[in-house]
């Protein structure tokens, strides 16, 4: 019972995802990503083992379609799984098992793939694609967040949402954005607030990883004393 989207930015090479669900702390179970490799989303009756397996297949040169086919073929419980994969070229593929809770749908488009199950109707998944494509010049994280906000506006999930997540990976080899709302009555709205706080200080924290001697101090980034 989740709706999610994976996206790619051709200009920056960044990859990322956004998701929301009625389950607690889904950000740690559903989405798996690595720059230069791709994104794997595993949902419905989620099997988190499929995430690392999918990334390994992508890393070894398989495209999105081949990766989904291999994951489905190797999973005896494939009928319970919904998968979406985006490869390093921004090409997507998906699988929705026969026992995944309906309404369920998945769509691929240019540089993105979206999937949802136990959603209001199929327009929820289409709304994610539309939200992602609306302004291709925005930062990838903003495009992904708008996608799931539009999914909520289209009706979202049939059960009340409880958690949401937003992740973006770039050329530095670590997550630029890794925001998770693990338990909330308004997780997508809270994710928006977290992104508003993180976006302006993100470059400083990236610099702290790459060049700590020249990076800004914590109090300069967040306005509080260094611990």
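The values are calculated or read from the model by the stated rules, or taken from the named source; none is laboratory data. Computed from a predicted structure; not experimentally measured. As a convention, Cβ positions derive from the backbone with ideal geometry for all residues, glycine included, and neighbour counts pool all protein chains shown.
General remarks:
- One residue alone among 127, 153, 106, 165 is under 13 Å from the mean Cα position of the chain (by Cα) and in contact (Cβ under 8 Å) with a residue 24 or more places away in the chain, and that residue is 165.
- Test result for residue 51, buried (at least 16 other Cβ atoms within 10 Å of the Cβ), in contact (Cβ under 8 Å) with a residue 40 or more places away in the chain and under 27 Å from residue 22 (Cβ atoms): no
- For segment 183-227, residues that are in contact (Cβ under 8 Å) with a residue 40 or more places away in the chain and surrounded by fewer than 16 Cβ atoms within 10 Å (Cβ to Cβ) total 2.
- Applying the criterion of being farther than 21 Å from residue 7 by Cα and in contact with a strand residue (DSSP E or B) (Cβ under 7 Å, 6 or more places away or on another chain) to the residues of segment 79-107, the residue that is surrounded by the most Cβ atoms within 10 Å (Cβ to Cβ) is 100.
- Tally of residues being within 15 Å of residue 54 (Cα to Cα) and touching a helix residue (DSSP H, G or I) at 6+ places or on another chain (Cβ under 6 Å) across segment 87-99: 5
- Qualifying residue in segment 170-181 (condition: over 28 Å from residue 59 (Cβ atoms) and modelled with pLDDT of 95 or more): yes
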